[in-house]
Amino acid sequence: MGGGTDTTANLFCFVAYYLGRYPEVKQRLRQELDDVIGNDSTKQITYKHIDELRYCDAVIKEVYRLFPVAFSLGRVSTEKDEVGGYVWPEETSYSILYCAIMKSKDYWTDPEKFDPDRFYKIDEDDKYLLERQYVKTAFSIFGGGIRACPGRKLAMIELKCLLASIYRKYDIEMCYKKFWRLLIVFDTVNAWMSRYTDYIYGSLSKLIYSEHNTLLY
Ligand code: HEM
């Protein structure tokens, strides 16, 4: 239950937060909603519209890259393997820390920067050569292989429908005017926590916990 609801609900909140912080991104998103669905806010959103909302898709992915709901994926190996310069026996549990991988400068151009363009028309943009090369392996929302999230299509439909339904009719702004001091404190703590978490995960991931439990960067 939590997996199918909290994930989508939290990701939606993070998207709303980033749209509030980056009004130019929100503007582009609203423009896309107008272009694809039209400005009659009573018009029903169809599956074709959802498919065509490519900037919206890029915004969701970029928010996820910086604020992943599922920050790590677990796997147990079925055979002996060499990983990170060490040989690991079969049945080793691995924790793949996507939260660190998705912010590593080895795979992302300006990883700290929020820019949905890195997922939008990526083939046409030379600025994001690293992304072009690594996006398939260094980015994950829904995991992969036979245990990949079975709700992935539904989740993207829910997110896009919700974003379209709200941002076509309403303009959500951050309440800086009244609570800006409080928000700046939250924002700063949040940014630091996220940095420390990445740092800690990054360092821990280089340690070997035990023969059978490994954290991978
Ligand atoms: C933004 C929303 C969501 C995110 C970020 C998300 C993410 C994930 C991730 C990372 C996994 C593990 C995949 C792996 O190990 O390779 C997973 C598994 C799973 N998800 Fe989601 N999910 C989301 C929404 C949903 C929804 C809407 C449903 C159901 C309606 C759902 C049902 C499941 C189930 C049942 C599994 C376990 C699959 C298995 O172990 O075989 N998820 N999800």
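The values are calculated or read from the model by the stated rules, or taken from the named source; none is laboratory data. No experiment lies behind these values; they were computed from the predicted model shown. A quick note on method: Cβ atoms are made from the backbone with ideal geometry, for glycine too, and the neighbour counts reach across all protein chains shown.
Could you grab me the full set of residues in region 78-103 that are crowded, with 16+ Cβ neighbours inside 10 Å and within 14 Å of the ligand (Cβ to nearest atom)? Hits for region 78-103 are Tyr94, Ser95, Ile96, Leu97, Tyr98, Cys99, Ile101, Met102.
The one condition from (1) within 16 Å of the chain's Cα centre (by Cα); (2) of a type outside the set (Gly, Ala, Ser); (3) surrounded by fewer than 18 Cβ atoms within 10 Å (Cβ to Cβ) that Thr42 does not meet is (1). The criterion of at least 3 residues that are in contact (Cβ under 8 Å) with a residue 40 or more places away in the chain is met, among strands (runs of 3 or more DSSP E) falling completely within region 1-99, by 93-96.
To keep it simple, each residue is scored yes or no on (1) at pLDDT below 95; (2) not hydroxyl-bearing (Ser, Thr, Tyr).
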{"residue": "Lys43", "(1), (2)": "yes, yes"}
{"residue": "Asp57", "(1), (2)": "no, yes"}
{"residue": "Ile60", "(1), (2)": "no, yes"}
{"residue": "Lys80", "(1), (2)": "no, yes"}
{"residue": "Pro89", "(1), (2)": "no, yes"}
{"residue": "Ser95", "(1), (2)": "yes, no"}
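Of all residues in region 112-152, exactly one satisfies the criterion of being of a type in the set (Lys, Arg), surrounded by 11 or more Cβ atoms within 10 Å (Cβ to Cβ) and within 16 Å of the ligand (Cβ to nearest atom), namely Arg152. Taking the criterion of being farther than 14 Å from Ile45 by Cα and assigned to a helix (DSSP H, G or I), the only residue of region 157-176 that qualifies is Tyr176. Once region 51-61 is narrowed to residues that are closer than 13 Å to Leu29 by Cα and away from the ligand (no atom under 11 Å from the Cβ), the residue that is surrounded by the fewest Cβ atoms within 10 Å (Cβ to Cβ) is Arg54.
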